[in-house]
Amino acid sequence: MSSTVHTRPHQRWTGLAVLVLAVTLVAVDATVLSLAIPSISETLRPSGTQLLWIGDVYSFVLAGLLVSMGSLSDRIGRKKLLLTGSAAFGAASLLAAYAPGPGWLILARALLGVAGATIMPSTLSLIRGLFPDDRERATAIGIWGAAATAGAALGPVVGGVLLEHFWWGSVFLLNLPVVLLLLVLGGWLLPESKDPEPGRWDVLSVLLSLAGVIGVVYAIKEAAAHGLVRWDVPVTALLGAAALTVFVRRQLRLDTPLLDVRLFADRRFTGAVLASLTALVGLSGVVFVTSQYLQLVRGWEPLKAGLAELPAFAGAVVGGLLTARLARRTGARLALTLGLLGMGTGIGLLGFVQQDTTYLLLAVAFLIVGTAEGVVYTLGADLVLGAAPAEKAGAASAVSETAYELGTALGIALVGSVVASLYAGSLAVPAGADPAAAAQAGESLGGAVEAAHGLAPELAGPLLASARDSFLHGMNIAAFLAGALLLAASAAAWRLLRGLPGRASEQEPQERPALEKTGV
């Protein structure tokens, strides 16, 4: 069966609506938990390390399996894998909602990552098949990109609404009606497509990619939190790097590789992947820490905190939908670079936030970050798709999605670990506080708030003041570092994409990315 599916116009656009629903489901789930962290801390009493794993294990597993699942979708059918993964996503959501302890919740989030890995690459590769016309595909990718970035920005808002009325597990139960709708509409409206000559699915490559990604990311996460003094950090880093090296060499030898690593020889492809990765590092890290800041430092209720992040959602929608017009006017190279510069600036503004900072500064920062992310992610996905042959759309899409999810995981891990390390290093526990309470307060800001409930007022007040000041210090430094990373990424993207002229009109039509060929 061909990768390009011949469908009537109305079927293409209704099919796109189903794909938008799917990508929004997975994107929301990546960030919806952020506002529930204080409630989870109080109910399940996880350690600081467990809290970070609850937040990022979903994206770790997702990132480790996306390339494998993208390649699998090319082989068995993108629609089939999308619907199977959606059903599994619903089952894992039930397990997460009723988790009795932090270990159970971490496992359930990991299973959600496995299921999510089957959904994400199928959505983008089905768009490639549904919309062979460049103009229509540019519009479709813009809508898809807006849904993906807006879904991530919408997660805290949805979480805030639910937590205002229900317990933290409700953020997972929300997935069930969406999954049911996806199964019914997807089975009815989506056409099947796959690679007509897929070759063998190499299981060893799957295991190597999973072990390599998780090993390297785990080492980075633990090094940021504890330094290199622990023996497991360099060991897992070396094992992960070795697995990825063997994986790359194996792909170069296989007749039908899981991932065609030669795609990275295309600077357009590499620049787009790098942009998506670093953009999500900044975005996810900001969402993770600012959700705690709004609730535990400023004392806002979950709903108010979620609504406070709405400018990011609005910006993501606008940025995604206007990417095609911006790329046509400025060229993909300048548009992508400006997007990364905007994100770096917006995130850097959060380095000046204090406990009593006016909300206007926060709103401006959220709006800039959301809008810029909408541009970067949508344009990055288009550049990746344009660099790959149509029959390998699933595997190429998976690389783009891997950058997205790996960036999300690294953002939570790195930004969260920097904040946690600086917080623990500067926290001052009042003399006379119970040792158990002092240990709990040292784990996280949520732990300090919980510990203060059991202390006398003359001890609780100073402990909370010190905990909030320490958290703010960590958040400010992390924001400056994340902003600097985005600025460096903008310079790298400008250099990598130097083969693309500054304006679309300077290129031959067949050489342009799809988003540059239309004025949508």
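Read-outs: derived from the displayed coordinates by stated rules, not from any lab. Quick caveat, the model's predicted, so the values are computed rather than measured. Cβ sites come from the backbone with ideal geometry, for glycine too, and all protein chains shown count toward neighbours.
Extension gain, E42 to L252: 0.36 nm times the residue separation minus the Cα-Cα distance gives 70.6 nm. How high is the FRET efficiency between W201 and Y98 when r is their beta carbon distance and R₀ equals 30 Å, given to the nearest 0.05? Efficiency for this residue pair is about 0.30. Residue separation of A87 and W167 scaled by 0.36 nm, minus their Cα-Cα distance, works out to 26.4 nm of gained length.
Using the Cβ-Cβ distance between S426 and A484 with R0 = 22 Å, the FRET efficiency computed as 1/(1 + (r/R0)^6) comes to roughly 0.55. Only the Cβ atoms of Lys and Arg (+1) and of Asp and Glu (-1) were treated as charged; on that basis the dipole of the stretch 181-325 about its Cα centre amounts to roughly 320 debye. Compared with the direct C-alpha span, the chain from L107 to L361 gains 87.7 nm at full extension, assuming 0.36 nm per residue.
Ranking S73, V32, G113 by how far each Cα lies toward the positive end of the dipole of the stretch 25-128 (charges on Cβ) leaves S73 at the top.
3J(HN,Hα) along the stretch 435-446: x, 5, 5, 5, 5, 5, 5, x, 6, 6, 5, x Hz, from the Karplus curve 6.51 cos²θ - 1.76 cosθ + 1.60 with θ = phi - 60°, whole Hz, x for Gly and Pro.
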